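Worksheet for the structure shown next.
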Amino acid sequence: MQDYDLVVVGSANADLVVGVERRPGAGQTVLGSDLAVHPGGKGANQAVAAARLGARTALLARIGDDAHGRMLLDVQRRAGVDTAGVLVGGAPTGVALIVVDPSGDNSIVVSPGANARLGPGDVRAAGAMLRAARVVSLQLEIPLESVAETVRTAAAVDTRVVLNPSPPAPLPDDVLAACDPLVVNEHEAKALLAGDPASDDDSPEAWAEALLARGPRSVVVTLGAAGALVARADGGAGTVTVPSPAVRAVDTTGAGDAFTGALAWRLGAGDDLETAVRFAVRVGAAAVKRTGAQQSFPTLDELEDR
């Protein structure tokens, strides 16, 4: 019995956001807006994005026993996420420091806090939850050994694995081999391909082909306002570019997580990869039209009204 459409294993942060006229360079100081505090973290973002769309979603994460942690728990529960797997204690809740310019582009620094204490033992203890999922979605804001333990647990029961390697880091072969898909943006693709001639190429098709050669079953390259590119290793015909709806971006924070959460849900619901990506680009486009991360994510009714 698969009790969850999606289990997300990853980070939960408080996002501390300041608007700026321009993002500072090295050694520069700029004045910004009043500080805004929002729920965030790539894992928590993906869980909320999927749950708001109607997915049966659970989150495995670790937060601190503090005000930021209590805020995160409350937001997850109000979105409909099962928080039985959210562990409390070990360190303060993780924090992301975010500056957003008038175009909606952002720069982010993350202090992992409790996220860095989500260990392989926590993953093993949550084995029943992981085995009850159609899809498991991961990122790299938690320890890599915990990501690998999650992948091994999922692979043992043929649960589909969606991985966004952010922040990018070298991945073990068995982790790469389980990814279906590996979801990357331009920066993540080039970081993973460092030393490969494809990293100097400006072609998303070249990045996808080179990444597929590393072992994942499929690759999705997100292209911002241009949509996303889909490539499969199973003999599919080349790559497919899925355009994004044209929208005026207010804040891109969390848009990639909204995309990935939506993608993972639709794969768990039985969509083929291209169909799931076509849905996910609509969700990502809707998310940039409002400020913040989780509070900008659309419900299914809102998406259908757009």
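Using the alpha-carbon centroid of each, what span in Å lies between segment 232-306 and segment 61-130? Result: 22 Å between the Cα centres.
Counting 0.36 nm for each residue step from Arg70 to Ala233 and taking away their Cα separation leaves a gain of 54.4 nm. With helices as the sole contributors, the chain gives -10000 deg cm²/dmol at 222 nm; each DSSP H run of n ≥ 4 counts as -39500 (n - 2.57), and the sum is divided by every residue. Taking Thr29, Thr291, Thr57 in turn, the Gaussian network model of the chain (Cα-Cα springs below 10 Å) assigns the largest fluctuation to Thr29. When semi-axes √(5λ) of the Cα gyration tensor in Å is calculated for this entry, the matching label among [x] 26, 24, 19; [y] 43, 19, 16; [z] 29, 23, 20 is [x].
Among the trypsin sites (Lys or Arg not before Pro) found in segment 159-257, those both in a DSSP coil and sparsely packed, with 10 or fewer other Cβ atoms within 10 Å of their Cβ, are Arg248.
If you take the Cα centroid of segment 1-57 and the Cα centroid of segment 150-219, the two points sit 22 Å apart. Length available on full extension from Glu145 to Ser199: 0.36 nm per residue minus the Cα-Cα distance, which gives 16.8 nm. Between amide H atoms placed 1.01 Å from N, distances below 5 Å from Gly227 occur with Ser244, all of them 5 or more places distant or on a separate chain. Largest mean-square fluctuation among His38, His187, His68, in a Gaussian network model of the chain whose springs join Cα atoms under 10 Å apart, belongs to His187.
Computed from backbone phi with θ = phi - 60° and the Karplus coefficients 6.51, -1.76 and 1.60, the 3J(HN,Hα) list for segment 29-34 is 10, 10, 7, x, 7, 4 Hz; x is used for glycine and proline.
We did not get these values from a lab; they are worked out from the coordinates using the rules stated. Please read all numbers here as calculations on a predicted model, not as lab measurements. Ideal geometry is used to build each Cβ from the backbone, glycine not excepted, and the neighbour counts take in all protein chains shown.
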